[in-house]
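Written out below as structure tokens is the structure these notes cover.
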Amino acid sequence: MEENKLVPMGPTEIVLKELPREVTVEKSKRKIRKRRRRVWILPLLLLIALTAVLIIRYNENIQGYIQSVFNDEENEAISDKNNTQRVPSDDKTVDTNDAFIHTSPAKMEFINESNRQIDLSTLSYDLPKATNIYDSYSKESPVVLIVSFSPKECYTTSSNYNESTDFYSGTKNVGEIGKALCEELNKNGINTLHFIDTGYNGSLVYSKEMYVNAINDILKSNPSISYIIDVSRGVDLDSNMNMHKEAVDVAGEYVPTVGLIYGGENEMLEKSVFFGNSLASTLNKSYTLVSKQTVSKYGLFQSFGIPSIRADIGSFSCTYEEALTSAMLFAQGLTELLK
């Protein structure tokens, strides 16, 4: 996929019109205007100074208001998803000295935020198996596409959190988790491709367009791909703004839980839920690794004609190494489901 390029433009010719040379000065009124200007100088300077102080003091509020005015539905969708991924900066609600609260799920939750009625017991879909896909196409044909819409989402580097905590990083992030997951699936015989959206230069609108177009191009070039998994990570905040660190014990090892989120539209949404729920059932045979499934009221860029899910592998409160352990178990479960 070629990158968009700026179209060079030549210098614009500027035509200067000659201004009239005649200037009329009424000497009898000059001194009067000068005295009047002196009267207003001090109030004007005071007004400018006061405006500058207000702008500096309330700059964040002004920016917040402007951003709220121009938010569209898709921005709201990402914000809705990330409401659990941003720690508030209000000192009154966050105690920066509190450590993460360790929790363990008793059972898996299923949350439906959409307008569609979804009954897990009535869903059905013939999940394409890797062996059948290889027979229909070739042994080298990809089965799974791993993506990361926000690849720089990272994990914690300490046992606490505060206002200066970095939630994004160029290393040890979900993009690298997706890469490791892709490599493990390929080792297990599930042919997998990995795509990371890193070329949008910070523009959300351009990012959405590039992301969707890139995935459609990949699917067009690889019609054997039958599943899309968007690797992400969550943040679990309770009503008191305490950050939970949810994990399960697997053979004496501390393993962060996984959350599955579904978007998309119409029948494909139900197929995605069936796929995700089947994966969760496989992963949860011995322990509740998938602690939550959520059907979002937003599309979440999952409308691609094949089952698509977002997988929060671990959360911000776990380390990269801990999340990597979850990713390897995730790969084992997905391999067992698709082989």
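The values are calculated or read from the model by the stated rules, or taken from the named source; none is laboratory data. Small disclaimer: the values here were computed from a predicted structure and weren't measured. Cβ placement follows ideal geometry from the backbone for every residue including glycine, while neighbour counts extend to all protein chains displayed. For accessibility, only protein heavy atoms count, side chains too; no ligands or nucleic acids. Shrake-Rupley method; radii C 1.70, N 1.55, O 1.52, S 1.80 Å.
So the values come out like this:
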{"read-out": "Accessible area of region 217-334 belonging to carbon and sulfur atoms, whole % at 1.4 Å probe", "value": "45"}
{"read-out": "Protection proxy ranking, peptides 217-226, 174-183, 240-249, 276-285, average beta carbon neighbours within 10 Å, highest first", "value": "174-183, 276-285, 240-249, 217-226"}
{"read-out": "Region 106-114 - phi-based ³J(HN,Hα) in whole Hz, Karplus 6.51/-1.76/1.60, Gly and Pro as x", "value": "7, 7, 7, 9, 10, 10, 10, 9, 8"}
{"read-out": "Distance violations [Cα-Cα > 21 Å] among 107/179; 139/208; 187/285; 172/220; 152/285; 152/179", "value": "107/179; 139/208; 187/285; 172/220; 152/285"}
{"read-out": "Peptides 130-138, 229-237 ordered by average Cβ neighbours within 10 Å, highest first", "value": "229-237, 130-138"}
{"read-out": "Where labels lie 7 Å past Cα in the beta-carbon direction, separation of residue 213 and residue 158 in nm", "value": "4.2"}
{"read-out": "Region 253-261 - phi-based ³J(HN,Hα) in whole Hz, Karplus 6.51/-1.76/1.60, Gly and Pro as x", "value": "10, 7, 10, x, 7, 10, x, 10, 10"}
{"read-out": "Highest average packing first - 318-324, 42-48, 145-151, Cβ atoms within 10 Å", "value": "145-151, 318-324, 42-48"}
{"read-out": "Rounded accessible area of residue 108 (nearest 10 Å², 1.4 Å probe)", "value": "60"}
{"read-out": "DSSP beta bridge pairing in region 223-329, given as percent antiparallel to the nearest 5", "value": "50"}
